[in-house]
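Novice: Handing you this structure, nothing more for now.
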Amino acid sequence: MIAATAPVARVDLLVPSAEWARLAAFYLDQHGVSADNIRWIVLPTDDIWIRDYAPFFGVDAHGERAAAAAIYDSLPHYPQERDNAMGAPYARLLGVPFIKLDIHTEGGNLWTDGAGTLIMSEDIYARNPTLSPDEIERKLRRAFTFERLIITPKLRHEETGHVDLLVKLADARTVLASSPSIPFNRDALRRASSTLRKEGYRIFDLPALPPYLNWGAFAIWRSYTNALTVNGRVLVPTFGVSLDALALAIYREAMPNYDVIPIDCAAAADGGGAVHCLTHEVPR
C-alpha cells in the first residue's frame, strides 16, 4: 500500500517507537520502496485498523481545517484505550482543533461523498441503544455537514457492521456495491442495492465472496468495496481468487479516470479487514 500511495501522497506511518520506525524503514528499503515521502510518527496504538479510530478531517464553518472522531470501543475483549485516544494527539500534531463526538461508532461505518451525503449501516443504532435516530443524527452533525443520511442493512453474522463491506463511493453519483450473487446475506445485499438505487445512485455490482472462518474461529467477509481512493489512484483489495480480475475490471469501468492498483489483502483479511480498514485519508 505504501508503494502505491507514496508517489501521489505523503504517507504518515504510525509506529510505537523510534526503533520500530528504523525497522520499518529497513523493511521498505529491502523491498525497494522509497521512504522519501513517508513521515514517521511515534504514536502507540493497540491495533492496525486505523480507519475505525483515526479522526476524520474537514473544513469548519470558518473555512479552517478541523478533526473529529467518535468513541471507539467496538472490541470489548481487546485493548482499545490507545486507539480511542489517538485522535487528539494526531490532530494536535497537524495543528488542527479536535472534537470527540459523544457517539459510539467506527470510521468503517462512515462513508461520505464530500457532496452532502453520509452513508452508514443500521449498526449505528445497535451501537447506540440509548439514542433515538434523531439524536444520533444530531450528534453526527456536530462533525459532518450532510443533506441526507442513508442507512443500509447490516450483514448477518458479520461482527463489524461496517458499511465499507457493502459500498464504495466512486463519485457523488456512482457507487460500487457488493452484489447479492451468493446465498450468504443475499437479502441484506439486495436491500442495500435497492436503497442506493432509490437515492439515485448509478450502481456497479462487484462480485461477492463467501465468508470463511479464520483460524476456525471468526467469520470473515472479504469485500472488494474495502478500497481507498487517493489522488488519482484507487487501491483495490485482492484475495488471491479468480474473481479478483473481474473486480478490477469493474473498478476500471466505474472509475475510468483513476489508476486501479490491486493490493494483496489475503493475509489482512484473516484479521478482519483490507485496504480501507488499514488506512485513513487526511485531506490538505
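Computed from the coordinates by the stated procedures, all read-outs in this text should not be read as laboratory data. Owing to the predicted nature of the structure, the values given are computational and were not obtained by experimental measurement. Glycine also receives a Cβ, built like all others from the backbone with ideal geometry; neighbour counts cover every protein chain displayed.
Novice: Could you pull out every whole DSSP H run in the chain that spans at least 15 Å of Cα extent along its own axis and averages 0.0 or higher on the Kyte-Doolittle scale?
Specialist: Numbers: long enough: 18-30 (18 Å, 0.03); 186-198 (18 Å, -1.27); 243-254 (17 Å, 0.86).
For the chain, where a helix must reach 15 Å along its axis and average at least 0.0, the hits are 18-30, 243-254.
Novice: Hey, another quick one. Taking the beta-carbon count within 10 Å as an exposure proxy, list GLU159, GLU64 from fewest neighbours to most. Write down the numbers at each step before the final one.
Specialist: On the way: GLU159 14, GLU64 10.
Ordered by Cβ neighbours within 10 Å, fewest first: GLU64, GLU159.
Novice: Which one of SER242, SER181, SER223 has the biggest mean-square fluctuation once the chain is modelled by GNM with Cα springs under 10 Å?
Specialist: Checking each option, the largest mean-square fluctuation is seen for SER242.
Novice: Here's something else I'd like to know. What FRET efficiency, computed as 1/(1 + (r/R0)^6) with R0 = 45 Å and r the Cβ-Cβ distance, is obtained for TRP20 and ASP187, rounded to the nearest 0.05?
Specialist: Using R0 = 45 Å, I get an efficiency of 0.50.
Novice: In which sequence would LEU93, LEU189, LEU149 go, from the one with the fewest C-beta neighbours within 10 Å to the one with the most? Working shown, then result.
Specialist: On the way: LEU93 12, LEU189 23, LEU149 16.
So the ranking, lowest neighbour count to highest, is LEU93, LEU149, LEU189.
Novice: Restricting to lysines 8 or more places apart or on different chains, can you count the pairs in the chain with Cα atoms under 20 Å from each other?
Specialist: Details: LYS100/LYS139; LYS154/LYS168; LYS154/LYS198; LYS168/LYS198.
Pairs that pass both the separation and distance tests number 4.
Novice: Counting other beta carbons within 10 Å of each residue's own, what order do THR238, THR105, THR117 fall into, fewest first? Each step should come with its number before you reach the end.
Specialist: Details: THR238 20, THR105 25, THR117 17.
Ascending number of Cβ neighbours within 10 Å: THR117, THR238, THR105.
Novice: Could I ask something else about it? Can you list residues whose amide H is under 5 Å from ASP60's amide H, if they're 5+ apart or on another chain and H is modeled 1.01 Å from N?
Specialist: ARG65, ALA66
Novice: Taking the Cα centre of each part, how many Å lie between the range 176-238 and the range 53-86?
Specialist: Using only Cα atoms, the two centres lie 25 Å from each other.
Novice: Here's a follow-up. Report the relative contact order of the chain, percent, no decimals, based on alpha-carbon pairs under 8 angstrom and at least 6 residues apart. List each step's numbers first, then the result.
Specialist: Working: 513 pairs, mean separation 41.8, N = 284.
The value is 15 percent.
Novice: Got the relative contact order for the range 150-221 handy, in percent, Cα pairs under 8 Å and 6 or more residues apart? Kindly include the intermediate steps, with their values, before the conclusion.
Specialist: Details: 99 pairs, mean separation 22.9, N = 72.
Relative CO of the range 150-221 lands at 32 percent.
Novice: Classify the range 6-145 as rounded, prolate or oblate, taking a ≥ b ≥ c as the square roots of the eigenvalues of its Cα gyration tensor: rounded when a/c is under 1.5, otherwise prolate if a/b is larger than b/c and oblate if not.
Specialist: Details: a/c = 2.22, a/b = 1.65, b/c = 1.35.
It comes out prolate by the Cα gyration axes.
Novice: If each DSSP helix of 4+ residues adds -39,500 (n - 2.57) and the sum is divided by the residues in the chain, what number results at 222 nm, nearest 500 deg cm²/dmol? Can you show the working numbers first?
Specialist: Working: 10 runs with 78 residues, N = 284.
Calculated from helices alone, the mean residue ellipticity at 222 nm is -7500 deg cm²/dmol.
Novice: Right, another one. Using a simple spin-label model with points 7 Å from Cα along the Cα→Cβ vector, what separation in nm is obtained for ARG252 and ALA3?
Specialist: Going by the 7 Å Cα→Cβ label model, 2.0 nm.
Novice: Where both residues lie in the range 43-271, what percent of DSSP beta bridges are antiparallel, nearest 5?
Specialist: Details: 16 of 36 bridges.
Among the beta bridges of the range 43-271, antiparallel pairing accounts for roughly 45 percent.
Novice: Separate question: Pick the calculated semi-axes √(5λ) of the Cα gyration tensor in Å for this structure from (1) 30, 20, 18; (2) 31, 29, 18; (3) 27, 24, 20?
Specialist: Checking each listed value against the structure points to (3).
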